[in-house]
């Protein structure tokens, strides 16, 4: 097997595993079954997966399940026991314990006091001021050429596209210490049906232009220009309220005009190594002029 064929083979097999995890969160995700999906030896495939992605398969399953649960807690009124079942935790007590260990508070309290609440509460304030514990900076952003994978559907599920992108880069030994991970969001989740949402999981590398690419990877250019940048600290699942505050509270009172074009997010630390409450994200809104 030549090197290119081997790279494609590992990429395809690991991508099948990631897709199965994201699509079957409520199922029992048996590790030997996942090995069968990857068409790899159960004895060795865990080491391969860990070596490529920097976390075990079990850690991926746990991270994706809790991310999905946090999104439902922050953005829906679904009962907590039902959320637990949908995310593969039939025992509410174990779900509460595991969620608390990772998000710093039990699910019911998170729904009431999670980081999404500060933006939600600010939106409900009737003051004219945009006062709050958040700073929006105006930045001049240079043109960026990204390596990207398309994602269609809920933005909450773009993590699967990032996992596939990371796997594509990793099997080609292209993960650089200073790689920047960027999500580009082309549609408004409040204006489009979930199935019509379109985004891209992207990576910015020093040698992006010299890398030979093939499907599903493509090059995507983020236009240079002025952007409003809001730095957000907290779980990715909580960011909807931050967007509503940025567009609904800050923008009308800023004197700025939004420019045609997608928003993008840059993820400043690694969700595989960072507690959800410590994640840092910069949200960029394109501005005129």
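Observations
- Cross-chain or 6+ apart pairs with Cβ under 7 Å, the range 179-194 first and at negative phi and in the same structural domain as residue 145 (by TED's automatic domain parsing), then crowded, with 19+ Cβ neighbours inside 10 Å and assigned to a loop (DSSP other than H, G, I, E, B): 187/197; 189/197
- Scanning the range 160-214 for residues that are part of a strand (DSSP E or B) and surrounded by fewer than 19 Cβ atoms within 10 Å (Cβ to Cβ) yields 180, 198, 204.
- Test: residue in the range 222-245 that is surrounded by fewer than 20 Cβ atoms within 10 Å (Cβ to Cβ), more than 25 Å from residue 289 (Cβ to Cβ) and either in contact (Cβ under 8 Å) with a residue 60 or more places away in the chain or more than 18 Å from the chain's Cα centre (by Cα) (or both): yes
- Answer residue from the range 51-68, given it is touching a residue at least 60 places away in the same chain (Cβ under 8 Å) and touching a helix residue (DSSP H, G or I) at 6+ places or on another chain (Cβ under 8 Å) and is farthest from residue 242 (Cα to Cα) among those: 52
- Tally, over the range 69-87, of residues that are crowded, with 20+ Cβ neighbours inside 10 Å and outside any helix (DSSP H, G or I): 1
- Assessment of the range 30-50 against the conditions (in contact (Cβ under 8 Å) with a residue 40 or more places away in the chain and either assigned by TED's automatic domain parsing to the domain that holds residue 176 or touching a helix residue (DSSP H, G or I) at 6+ places or on another chain (Cβ under 6 Å) (or both)) yields no matching residue.
- Check on residue 217, surrounded by 13 or more Cβ atoms within 10 Å (Cβ to Cβ) and without any contact (Cβ under 8 Å) to a residue 12 or more places away in the chain: no
Residue-by-condition table, conditions (1) under 28 Å from residue 104 (Cα atoms); (2) in a strand (DSSP E or B); (3) modelled with pLDDT of 95 or more; (4) touching a helix residue (DSSP H, G or I) at 6+ places or on another chain (Cβ under 9 Å):
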site	(1), (2), (3), (4)
226	no, yes, yes, no
237	yes, no, no, yes
249	no, no, no, yes
252	no, no, no, no
260	no, no, no, no
265	yes, yes, yes, yes
283	yes, yes, yes, yes
286	no, yes, yes, no
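The values are calculated or read from the model by the stated rules, or taken from the named source; none is laboratory data. Keep in mind that what you see is a predicted model, and the values were worked out from it rather than measured. All Cβ positions, glycine included, derive from the backbone under ideal geometry; neighbour counts span all protein chains shown.
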